[in-house]
2 protein chains.
Amino acid sequence: MTDGIGSPERTPEIVDLVGKPINEIKGEIIHKGKAKLVYRTTEESVMLMEFMDDATAFDGKKKGSISSKGMYNSHISAAIMRYLNQCGINTHFLEQMEDRFQLVRPLDMLPVEVVIRNLAAGSLARRLGFDEGDSLERPILEFYFKSDELGDPWLNRYHIRALDLCSDDEIVRLEEDSWRINAMLREYFLDRDLELIDFKLEYGRAADGALVLGDEITPDTCRLWDISSRDKLDKDRFRHDMGEVEEAYQEVYRRVAWED
Amino acid sequence: MTDGIGSPERTPEIVDLVGKPINEIKGEIIHKGKAKLVYRTTEESVMLMEFMDDATAFDGKKKGSISSKGMYNSHISAAIMRYLNQCGINTHFLEQMEDRFQLVRPLDMLPVEVVIRNLAAGSLARRLGFDEGDSLERPILEFYFKSDELGDPWLNRYHIRALDLCSDDEIVRLEEDSWRINAMLREYFLDRDLELIDFKLEYGRAADGALVLGDEITPDTCRLWDISSRDKLDKDRFRHDMGEVEEAYQEVYRRVAWED
């Protein structure tokens, strides 16, 4: 594995941080997610992201832990973000560090999640009467409001404007970028014998106001099925107690991150 | 009350039907809604719609009856559809008949409801954390899938296309027409000291494929508040057991339909 290739801005500050042990650069925690922590570093323009083994599902009602998930996910997301950077998508990813840590750009995260669905699965299938794995006449893009208190309710672009969560231009940009990323990711996973069923994206504003892809792209945020066996290689194995959960993450890690 | 003014197509067939007693023109029932029945007539191009006193709420979980509601709603909807016809909106409305019956054009109804919200109320307020009556940065348009089995789930334009419920052009048309209707209705109700909080529209395809506004516009499908007292003059009085339910429908009837 050779880290750092494809990263858009390997500034002297980043090179300096990469050479140091995690404990020397890790500052205060500025964000606690369900499966990730974000820390300040000694550089103002660089954050440190830690991927945890914690796993949650059903709006946090189900909680658990998946052995080594943090390490697998960090490397999987690093590989995919590097690929997207190379394809011209602005992502927060800077450098993979040891184990489960990465350097990322600081972003002011939008309180909006984008979900793209290529096949019917999960809540979409239940809500609209599809069977799991049904093909769709066309892929679907959905917005959700990131609010634990409200249970991440659905949004359309009118709700986003009514709540003033982002501008009209940003909504157009979110949709356009997410569709481009979907096309790139479908091809990327297909090359690794994985079908991208659906996935979630989160964006933030960089210091200059530009929208930048943040968060992670991993089996926690994507449904990924083996192209031949249709085996699920994602968090659905944890959600629905299907067994071989760690093995699924490891298998995606093997197909995605080993070649780097 | 002078019926028939503003109706776009007073053909000889309609004139003929208008002169006859309901029992002579009423054919088989072709649609049973929760609060309306649609019958064939002796003319293929004209349907008879009956407004019932039945009232339901919360996806049919609450059932009841509101005395004289059918008559009030038929006349209220007739007055408003005539106004919209005059404003250049294609509606299914042809003629108000006696009591609770109207003549309408046959439509192949779309399985999609359009909801427009000018102020926060009801499910929107609950879902997104608004207080009842909160103003919105901008009005909201929502689509819902008319499916009793699925509990009328929310849709965005991608779901509509994925389910192939209508074309891209029709989605654009639904949005544009509904926004135009909102502007017309807000003014119309304001002239009658009523604030239009939110409302539902249903459209269908006429024989020539054109989208035409169908269903009804009444206190069953609109939230209407008195402009000064903020009293609710709509089905929320039935939903939430607020009392003076019939009186609310009668008051809207008085303000809307008497002047016709």
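Every listed requirement among (1) away from chain B (no Cβ under 14 Å); (2) part of a helix (DSSP H, G or I) is met by A:S123 save one, (1). Let me confirm something: among A:S45, A:S67, which residue is in contact with a helix residue (DSSP H, G or I) (Cβ under 6 Å, 6 or more places away or on another chain) and either of a type outside the set (F, W, Y) or not assigned by TED's automatic domain parsing to the domain that holds A:D152 (or both)? Result of the check over A:S45, A:S67: A:S67.
Any idea which residue in the range A:90-134 is nearest to A:G33 (Cα to Cα), counting only those that are in contact with a His (Cβ under 6 Å, 6 or more places away or on another chain) and open to solvent by 30 Å² or more (accessible area, probe 1.4 Å)?
Here is the first cut: in the range A:90-134, the residues in contact with a His (Cβ under 6 Å, 6 or more places away or on another chain) are A:104-105, A:107.
In the following step, the residues that additionally are open to solvent by 30 Å² or more (accessible area, probe 1.4 Å) were identified as A:105, A:107.
Numbers: A:R105: 17, A:L107: 14 Å.
Filtering first and then ranking leaves A:L107.
Looking only at residues in the range B:136-145 that are within 10 Å of chain A (Cβ to nearest Cβ), modelled with pLDDT of 95 or more and open to solvent by 20 Å² or more (accessible area, probe 1.4 Å), which one is nearest to A:D131 (Cα to Cα)?
First pass over the range B:136-145, keeping only residues within 10 Å of chain A (Cβ to nearest Cβ): B:136-143, B:145.
Narrowing further to those that are modelled with pLDDT of 95 or more: B:139-143, B:145.
Narrowing further to those that are open to solvent by 20 Å² or more (accessible area, probe 1.4 Å): B:139, B:145.
Numbers: B:P139: 35, B:F145: 17 Å.
Per the stated criteria, the residue is B:F145.
Determine which member of the set A:D99, A:D59 is closer than 30 Å to B:L155 by Cα and part of a loop (DSSP other than H, G, I, E, B). Exactly one of A:D99, A:D59 is closer than 30 Å to B:L155 by Cα and part of a loop (DSSP other than H, G, I, E, B), namely A:D59.
The residues in the range B:16-49 that are touching a strand residue (DSSP E or B) at 6+ places or on another chain (Cβ under 9 Å), among the β-branched types (V, I, T) and open to solvent by 30 Å² or more (accessible area, probe 1.4 Å) can be counted, and the count is 3. Within the option set A:D220, A:D198, being assigned to a loop (DSSP other than H, G, I, E, B) and in the same structural domain as A:I140 (by TED's automatic domain parsing) holds for one residue only, A:D220.
Here A:D148 passes the criteria (1) surrounded by fewer than 14 Cβ atoms within 10 Å (Cβ to Cβ); (2) facing chain B (nearest Cβ under 10 Å); (3) closer than 23 Å to A:M109 by Cβ except the one numbered (2). Go through (1) over 30 Å from A:I116 (Cα atoms); (2) open to solvent by 30 Å² or more (accessible area, probe 1.4 Å); (3) assigned to a helix (DSSP H, G or I) and name the single condition B:Y249 misses. B:Y249 satisfies every listed condition except (2).
Out of the residues in the range A:151-172 meeting the condition of being within 7 Å of chain B (Cβ to nearest Cβ) and open to solvent by 30 Å² or more (accessible area, probe 1.4 Å), tell me which one is farthest from B:R117 (Cα to Cα). Once the filter is applied, the top-ranked residue is A:D164.
The values are calculated or read from the model by the stated rules, or taken from the named source; none is laboratory data. For clarity, every value in this text was computed on a predicted model and none was experimentally measured. When we count neighbours, we look across all protein chains shown, and the Cβ atoms used for this are built from the backbone with ideal geometry, even at glycine. SASA here: full protein model, heavy atoms, side chains in, ligands and nucleic acids out. Shrake-Rupley method; radii C 1.70, N 1.55, O 1.52, S 1.80 Å.
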